[in-house]
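Below is one structure, written out as structure tokens, with a few remarks after it.
The values are calculated or read from the model by the stated rules, or taken from the named source; none is laboratory data. Since the model is a prediction, treat every value here as computed from it, not as a measurement. Virtual Cβ from ideal backbone geometry, glycine too; neighbours counted across all protein chains shown.
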Amino acid sequence: MNKRDAGDLAIFGGPRLFETFVSTSNLLQPDIERYLAFSRIFYDRHQYSNNGPNDRLLEKRLAEFHEVKHCVTFCSGFWALALAVKVLAIKGRTEIVMPSLTYRRMNDIAAWVRLKPRFCEVDLTTLAMTPETVAPCINENTALILGVHPIVNCCDAQGLAALAQDRDVPILFDSVESVYESMEAGRVGGFGAAEVFSLHACKLINGFGGGYLTTNDGDLAQRLALMRGFGFDTIDHVAVPDGLNAKLNEMHAALALASLDDVEAQVERNRQRYYTYKTLLSDVRGVRLIEFDERFRAGFKNIVVELTQEWPLSRAHTLAALNAEGVLARAYYTPPLHRKAMAYPHVAAQLPMTDALAERFLNLPCGHRVSLDDIYEIVRLLSFLRTHARVVADRLQLDRVA
């Protein structure tokens, strides 16, 4: 790393460490010939949407991958989640329980289906919602529990599903970060009423965008399949009145299939990146890697670290310095949802654990475009920042005041 003192940092005018940015997105590029082979199928059949051959094949393969009976694809994970919430929420009730330490649009999805988000705490160690944090939020107004897996490892899906059953409330899981994972009770994909996944380029399976839902409930799968296609069951006949255009087209399905073909090799590459981080970060005091639970299947896609009390810089200063070098690290789910301004009904929450956790974690670069050499440079940069922390903090503070 070509830096001798703090003045060589890019944030102070020095040369950037990475000319090509390294990010936290997966950005898998599957084999182009494999993608073109799948594309030839829909091209030759002149069918680019509306349950085309690749879409049907993708649904079949994803159902097998998650060991469930049904899979329904959508144009995005957002609409898969929104439509599933709309169908599953108990009519006449007004609240949906969800964690605050999660995806920044989750509360907006709740508002779109006319539900008030009620935010629950998360566990200090796992960063996940638990039956113990969810139970106090359930009341006579609860229409649905939205179970959300954290970025690394899984929430207690079996325990949350048991709580939902005991309280007679449906539960839907947002599993976009847990595509490959499994738990003691089985593979992710078959818990609760349904589980939702994303095919965005930043996720494990890249479909240029898109999403899908897995379930063992045939009636639910059929209704959602109708809703994503304007509600039509035959030409010009609307079977459900609340449909919209949320179909996955064939080009997206073709790339997702090519990505699915690569998934085992991709997980092995992710494992190598994860272990490189794990080995190197063990020597950087104040940076703690959130480790994957290797008792079960893990995709090793995301790299999340905690800046402990031994780390000498604020997270904001750390991120500013990393980003300036082309290291596009990101704050972990910040700000938490209960701290955001919302122009729609919601349940105000005091969540001290979430507030504390929201200031301590960040995501480091990972995925298809991050090499092991890149990881060595990123960790060297973190060590350099630690060594020169006082100068960095003083200069950034002066710059901010100026």
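Between Glu33, Glu59, which is surrounded by fewer than 17 Cβ atoms within 10 Å (Cβ to Cβ), modelled with pLDDT of 95 or more, of a type in the set (Asp, Glu) and under 16 Å from Gly207 (Cα atoms)?
Glu33
Considering each residue of the range 46-60, count those that are closer than 27 Å to Thr214 by Cα and part of a loop (DSSP other than H, G, I, E, B), and give that number.
So the answer is 6.
Output the residue which, of all residues in the range 357-391 that are in a helix (DSSP H, G or I) and without any contact (Cβ under 8 Å) to a residue 60 or more places away in the chain, is surrounded by the most Cβ atoms within 10 Å (Cβ to Cβ).
Checked the range 357-391; the qualifying residue surrounded by the most Cβ atoms within 10 Å (Cβ to Cβ) is Thr387.
Taking Thr279 and the conditions (1) in a loop (DSSP other than H, G, I, E, B); (2) surrounded by fewer than 16 Cβ atoms within 10 Å (Cβ to Cβ); (3) β-branched (Val, Ile, Thr), which numbered condition does it fall short on, given that it satisfies the others?
(1)
Taking the criterion of being farther than 19 Å from Cys71 by Cα and over 17 Å from the mean Cα position of the chain (by Cα), would at least one residue in the range 171-184 satisfy it?
Yes: one or more hits.
Of (1) under 25 Å from Phe38 (Cα atoms); (2) free of Cβ contacts under 8 Å to residues at least 40 places away in the same chain, Phe300 satisfies all except one. Which?
Among (1) under 25 Å from Phe38 (Cα atoms); (2) free of Cβ contacts under 8 Å to residues at least 40 places away in the same chain, the lone unmet condition for Phe300 is (1).
Which count do you get for residues in the range 324-341 that are surrounded by fewer than 16 Cβ atoms within 10 Å (Cβ to Cβ) and touching a residue at least 24 places away in the same chain (Cβ under 8 Å)?
2
Is it true that Ala225 is of a type in the set (A, V, I, L, M), under 28 Å from Cys366 (Cα atoms) and either at pLDDT 90 or above or not in a loop (DSSP other than H, G, I, E, B) (or both)?
no
Hey, could you check the range 237-276 for residues that are assigned to a helix (DSSP H, G or I) and charged (D, E, K, R) and say which is farthest from Thr126 (Cα to Cα)?
It comes out as Glu250.
Examine the range 362-382 for a residue that is aliphatic (A, V, I, L, M) and closer than 17 Å to Arg104 by Cα, and state whether such a residue exists.
yes
Can you say whether Thr214 is in the same structural domain as His149 (by TED's automatic domain parsing), under 22 Å from the mean Cα position of the chain (by Cα), among the hydroxyl-bearing types (Ser, Thr, Tyr) and over 23 Å from Ile32 (Cβ atoms), as far as the supplied structure shows?
yes
Of the conditions (1) in a strand (DSSP E or B); (2) touching a Ser or Thr at 6+ places or on another chain (Cβ under 9 Å), Ala201 clears all except one; give me its number.
(1)
In the range 1-40, what count of residues is obtained for those that are in contact (Cβ under 8 Å) with a residue 12 or more places away in the chain and in a loop (DSSP other than H, G, I, E, B)?
Total satisfying the criteria: 20.
When you check Tyr43 against the structure, is it surrounded by 19 or more Cβ atoms within 10 Å (Cβ to Cβ), in a helix (DSSP H, G or I) and either aromatic (Phe, Trp, Tyr) or on the phi > 0 side of the Ramachandran plot (or both), yes or no?
Here the answer is no, as Tyr43 does not meet what is asked.
Only one of Val176, Val240 is without any contact (Cβ under 8 Å) to a residue 40 or more places away in the chain and in the same structural domain as Gly159 (by TED's automatic domain parsing); which?
Residue meeting the stated conditions: Val240.
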